[in-house]
Amino acid sequence: VSSKVAAAEKTFPVVEIFGPTIQGEGWVAGLPTYFIRFGLCDYRCSWCDSLYAVLPEEVRKNATRLTAKQIDRVLAEPLQARWITFSGGNPALHDLGPLITLLRRKRLKIAVETQGSRWTPWLKRVDHLTISPKPPSSGEIGKKQDAQVKGFMRQVAGSMSPGEASLKIVVFDRDDLAWAIETAERYGFLPFFISVGTDSLGAEPLEATAERYREVCELVATDGSAAAKRARVLPQLHVIAWGHRRGV
Ligand code: SF4
């Protein structure tokens, strides 16, 4: 009983809960969804647009500690979207199993986005898991990330079907694209999405975003590799619509 009580009282750093809005990237792109942004991350990507949910001092300032029950209560019925997306930071750092159980009662479909650095068993219970390893421009590539992603993918391959998980890699330039294609070749069992990056400060004019998208599309279309042939190249739809505004 006491461990059950402890689980019920466990709190998580919630930076924001918002929606419904439209998912801007990857497998769920274009679908209406709620978002829960959990604080804290084990990476520090150079172009991270959510540092307010990453840096411990920012998380202390911006997050409210809520139990699974309290989060569930914020999502009052009737709900206007079928999906809810756990984002961050890295949501896989938290034990969100009890929250999944509660949200399921509302018939919400659960999507999660994580960089694939830490496997946690509740991930195999979600409706869609987006694994988003970070490319060279993030400053996070290297042996450590390779080993983390490899271990993570072993778990995914052993416990999830391709429709339940996908690979999404942010690409800014040719180096990123080459790395993304190599990674997708390695994990050929997963649907592969390329998400063309945008300036995290939101200062970039839309035309520059479109130009980068065009360039990446042209490179992918003429690449000829097996991974490129199955890649879906998408812009970050939410940035086109709302820029880097928070809460949409
Ligand atoms: S993994 Fe995501 S949330 Fe964490 S630092 Fe990188 S971009 Fe930001």
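The values are calculated or read from the model by the stated rules, or taken from the named source; none is laboratory data. Since we're looking at a predicted model, the values are computed, not measured. Don't worry about glycine lacking a Cβ; one is built from the backbone with ideal geometry, like all the others, and counts go over all protein chains shown. Only protein heavy atoms, including side chains, enter the accessible area calculation; ligands, DNA and RNA are left aside. Shrake-Rupley method; radii C 1.70, N 1.55, O 1.52, S 1.80 Å.
Observations on the model:
- Helix 174-186 vs. the chain, principal-axis angle (Cα, 0 to 90°, nearest 10): 70 degrees
- Annotation for Asp175 and Lys69: the two label points, set 7 Å from Cα along the Cα-Cβ direction, are 5.1 nm apart.
- Sequence-distant residues sharing a close amide H with Leu31 (under 5 Å, placed H): Gln23
- Among the listed pairs Lys10/Lys143; Lys109/Lys143; Lys69/Lys124, a Cα-Cα separation exceeding 30 Å is found for Lys10/Lys143; Lys109/Lys143.
- Long-range amide H partners of Val170 with built H, under 5 Å: Ser195
- Relative frequency of Cα-Cα separations exceeding 26 Å in the chain, percent: 38 percent
- Within the listed set Ser132, Ser166, Ser200, the residue fluctuating most in the Gaussian network model of the chain (springs between alpha-carbon atoms under 10 angstrom) is Ser200.
- Accessible surface, the chain, averaged per residue in Å² (probe 1.4 Å): 48 Å²
- Separation in nanometres of the label points that stand 7 Å from Cα toward Cβ, at Lys150 and Thr222: 3.5 nm
- 3J(HN,Hα) couplings calculated from phi for region 138-154 with the Karplus curve 6.51 cos²θ - 1.76 cosθ + 1.60 (θ = phi - 60°) are, in sequence order, 6, x, 10, 6, x, 4, 5, 4, 3, 5, 4, 5, 4, x, 4, 5, 4 Hz; Gly and Pro show x.
- Subtracting the Cα-Cα distance of Ile240 and Lys106 from 0.36 nm times their residue separation leaves 45.2 nm of extension gain.
- Applying the Karplus relation 6.51 cos²θ - 1.76 cosθ + 1.60 with θ = phi - 60° to region 45-57 yields 3J(HN,Hα) values of 5, 4, 10, 4, 9, 10, 4, 5, 10, 10, 6, x, 5 Hz, where x marks Gly and Pro.
- Other-chain or far-sequence residues with amide H under 5 Å of Lys134's (modelled H): none
- Restriction of the chymotrypsin sites (Phe, Trp or Tyr not before Pro) in region 142-248 to DSSP coil positions whose beta-carbon has at most 16 other beta-carbons within 10 angstrom yields Phe189.
- Portion, in percent, of the accessible area of the chain that falls on carbon or sulfur, probe 1.4 Å: 52 percent
- The 3J(HN,Hα) values that the Karplus relation (6.51, -1.76, 1.60; θ = phi - 60°) gives for region 104-121 are, in residue order, 4, 4, 8, 6, 7, 8, 10, 10, 10, 10, 8, 7, x, 8, 9, 7, 9, x Hz. Gly and Pro appear as x.
- DSSP-defined beta bridges in the chain - what % are antiparallel, rounded to 5: 30 percent
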